[in-house]
Amino acid sequence: MLRLPAFQLFLPHTLPDALSMLAEDAEHTSVLAGGTDLLPNMKRRQVTPKRLVSLKHVPGLRSIDVLDHEIRIGSAVNLCEIEEHPLLRQEAKALCQAVGQIATVPIRSTATIGGNVCLDTRCEYINQSELWRKAIGFCKKKDGDICWVATSSPRCLAVSSTDAAPALSALSAQVVLSSVRGERVLDLLDLYENDGEKPLTKQKDELVTQIRLPRRVGQASCYWKLRRRGAFDFPLLGVAVAIGCDDEKRVKHARLVLGAVASRPLLVPLPLELFAKGLDAELIAKVQEAAHALAKPMDHADLTLSYRKAMTKTLVALALREVFGEDMTDDRKRLERQLA
């Protein structure tokens, strides 16, 4: 049985207290929200914080506030609350689909949106017991100096496995980072570095406190996920698409974000001229090629590299058809049966 290492637990009852406790020794402190990622990583000694600051009793982080021009989601809102929120299901379908495919219902009822946005990168060479990792000489991400995915790589290639981040990024979300020094607001994509060892740009004394989603009339979005099984697994590929149209059904903005093919979510450039004719075979082919060229899955997860890269085109086509109004229910069921 893997056991947790020793640590001190702090239980602040206000956000300023939580930020102060985090700042006291940020280098050796981790934030405990749902704990569904942090605690297993601690048991495997992937991370060994001496102090945990719990957000359980901190008010103000568990609300979903709907304003005229944006929706503000507290970082400690659990994934089930997001999945079941009626307005989010209507205006941020990609996010609800993404969080609804994370793990299982018991885990989603505990895991938080802030935790999934800050999910540590994953790799077959790091997500193992300490004894297993010691047997291979450890790796660049923890205790070693070599990336076993690509031994000549100058950086860690552990992969971003968050489902929420690609969906939120497609929806042009922003993230609020708080510390004793104040607040700063970033575009969500700017929270990430393409470095498996240090994937987040936030400072160690900063806490993700809120996610902000702009409200856009006429926007459609969706999220498609490739995984080994039809349920529970981390993504081997995620495709999030959001498009917004005017009253004449002309596309005014479009974003496509890939997940699980790099150490950060990847934004695929989509010039609006591509959408001049609406959805047709030419549009699908051009967007497929752009996504396929950007996706470079590595040997750090399940299934073959060639299959995962080829499936980029498949999921992009399915996602485009869905945001343009096709009923993709049967296609989703077919994909789940294929992976079951």
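None of the figures in this text is laboratory data; all of them are computed from the coordinates on show. Bear in mind the structure is a predicted one, so any value in this text is a computation, not a measurement. Because the Cβ atoms are built from the backbone with ideal geometry, glycine has one as well, and the counts that use them run over all protein chains shown.
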* Structure fact -> Inter-part gap, Cα centre of segment 80-103 to Cα centre of segment 142-184, in whole angstrom, is 22 Å
* segment 1-59 - percent relative contact order, Cα under 8 Å, separation 6 or more -> 54 percent
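For the chain, compute Rh as the Kirkwood radius over C-alpha pairs and then the Stokes-Einstein diffusion coefficient at 20 °C and 1.002 mPa s; write the answer in µm²/s, rounded to an integer. Present the calculation step by step, with values, prior to reporting the outcome.
Details: Rh = 20.6 Å.
D = 104 µm²/s.
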* Near K141, which lysines are there with a Cα under 20 Å away, not counting those fewer than 8 places off in the same chain? -> K43, K50, K198, K202, K204, K296
* Counting Lys and Arg as +1 and Asp and Glu as -1, each charge on the Cβ, what is the dipole of the chain about the Cα centre in debye, to the nearest 20? -> 880 debye
* Asked: Plugging the Kirkwood radius over Cα pairs into Stokes-Einstein for segment 298-340, at a temperature of 4 °C and a viscosity of 1.567 mPa s, what D comes out in µm²/s?
  -> 111 µm²/s
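What is the packing order of peptides 76-83, 116-123, 286-293, taking the mean over residues of other C-beta atoms within 10 Å and listing the highest first?
On the way: 76-83: 22.0, 116-123: 23.5, 286-293: 16.6.
Most protected by this proxy first, the peptides run 116-123, 76-83, 286-293.
So, with +1 on the Cβ of K and R and -1 on the Cβ of D and E, and no other charges, what is the size of the charge dipole of segment 97-253 about its Cα centre, to the nearest 20 debye?
Details: 23 positive and 18 negative charges, 54 e Å.
Charge dipole of segment 97-253: 260 debye, to the nearest 20.
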* Structure fact -> For D327 and A285, extending 7 Å from Cα along the Cα-Cβ vector and measuring point to point gives, in nm, a value of 3.0 nm
* Structure fact -> Over all viewing directions the Cα convex hull of segment 1-59 casts an average projected area in nm² of 3.9 nm²
* DSSP beta bridges in the chain [antiparallel fraction, %, rounded to 5] -> 85 percent
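At 222 nm, what helix-only mean residue ellipticity would the chain give, in deg cm²/dmol to the nearest 500, using -39500 (n - 2.57) for each DSSP H run of four or more? Intermediate values should be presented prior to the final figure.
Numbers: 12 runs with 102 residues, N = 340.
About -8500 deg cm²/dmol.
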* Most exposed first by the Cβ proxy, i.e. fewest other Cβ within 10 Å, how do K141, K43 rank? -> K43, K141
* Nearest-20 debye value, segment 71-138 charge dipole, Cβ charges on Lys, Arg, Asp, Glu -> 100 debye
* To do: Post the alpha-carbon centroid distance, segment 196-261 to segment 26-50, in whole angstrom.
  => 25 Å
* For segment 189-300, the fraction of alpha-carbon pairs in successive 10 Å shells from zero, as % -> 11, 36, 34, 16, 2
* To do: Let me see the pair-distance distribution of segment 135-203: every alpha carbon pair, 5 Å bin width, integer percents in order.
  => 4, 15, 19, 18, 15, 13, 10, 5, 1
* Structure fact -> Checked segment 1-150 against the a/c 1.5 cut and the a/b vs b/c comparison, axes a ≥ b ≥ c from its Cα gyration tensor; verdict oblate
